[in-house]
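**Student:** This structure is in structure tokens; I'll ask about it shortly.
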């Protein structure tokens, strides 16, 4: 009687099972990588948006409470409100109706590194900002004007949105009072 020796190797069934296990492992690793990458992108977006927002708040502080623009007075709320952005080409604060190179409709645009760009369609544009100033304890003048008093308080809010989704990423604010912060 001849003795058969078993040859070493894999059977088809073993190869199929090994392939399935490998496929599940690769699939799991891919899903995990996509999750990590999406978290990285979200963190990067928030970081750049945060830098933009903080820079705009600091710019307002540097200009000082008396040098920020006045808005329109509402007798209903007894507050003055203004919306717009800073225009570096004219070194002024411009309203929501502006159409300068750097502020379109009161919005300032930035690329994905936080650099100011000249249009909403510029290459790499990723963010836009707008500033809101609300003044209370003001003295109304004729029409819709007002002046600041020694007790006026100015609330600033900078909102940073991502493009193309138009989703608010960050919102920063501060309050300024006459003669102090």
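The values are calculated or read from the model by the stated rules, or taken from the named source; none is laboratory data. Treat the numbers as computed from the prediction; the structure is a model and nothing was measured. When we count neighbours, we look across all protein chains shown, and the Cβ atoms used for this are built from the backbone with ideal geometry, even at glycine.
**Student:** State whether one or more residues within region 44-66 are at pLDDT 85 or above and not in a helix (DSSP H, G or I). Give the derivation first.
**Tutor:** Initial filter on region 44-66 (at pLDDT 85 or above): 44-66.
Imposing the further condition that a residue be not in a helix (DSSP H, G or I) reduces the set to 64.
Within region 44-66, one or more residues are at pLDDT 85 or above and not in a helix (DSSP H, G or I).
**Student:** Which condition number does residue 127 fail, the rest of (1) under 19 Å from residue 63 (Cβ atoms); (2) surrounded by 14 or more Cβ atoms within 10 Å (Cβ to Cβ) being met?
**Tutor:** (1)
**Student:** Is one or more of the residues making up region 125-134 without any contact (Cβ under 8 Å) to a residue 40 or more places away in the chain and farther than 30 Å from residue 41 by Cβ? Outline the logic, then answer.
**Tutor:** Pass one, region 125-134, residues without any contact (Cβ under 8 Å) to a residue 40 or more places away in the chain: 125, 128.
Imposing the further condition that a residue be farther than 30 Å from residue 41 by Cβ reduces the set to none.
Within region 125-134 (the criterion being without any contact (Cβ under 8 Å) to a residue 40 or more places away in the chain and farther than 30 Å from residue 41 by Cβ), the answer is no, since none of the residues qualifies.
**Student:** Now for a separate question. If you take the residues of region 145-178 that are assigned to a loop (DSSP other than H, G, I, E, B) and in contact (Cβ under 8 Å) with a residue 60 or more places away in the chain, which of them is farthest from the chain's Cα centre (by Cα)? Step through it out loud before you land on a result.
**Tutor:** Applying the first criterion (assigned to a loop (DSSP other than H, G, I, E, B)) to region 145-178 yields 145, 163-166, 178.
Narrowing the set further to residues that are in contact (Cβ under 8 Å) with a residue 60 or more places away in the chain leaves 145, 178.
Numbers: 145: 31, 178: 29 Å.
Out of the qualifying residues, it is 145.
**Student:** Another question, then. Does residue 142 qualify as being at pLDDT below 90 and either in a loop (DSSP other than H, G, I, E, B) or in contact with a helix residue (DSSP H, G or I) (Cβ under 9 Å, 6 or more places away or on another chain) (or both)?
**Tutor:** Yes: the conditions hold for residue 142.
**Student:** Among the numbered criteria (1) modelled with pLDDT of 90 or more; (2) surrounded by 19 or more Cβ atoms within 10 Å (Cβ to Cβ); (3) over 18 Å from residue 61 (Cβ atoms), which single criterion is violated by residue 117?
**Tutor:** Looking at each condition in turn, residue 117 falls short on (1).
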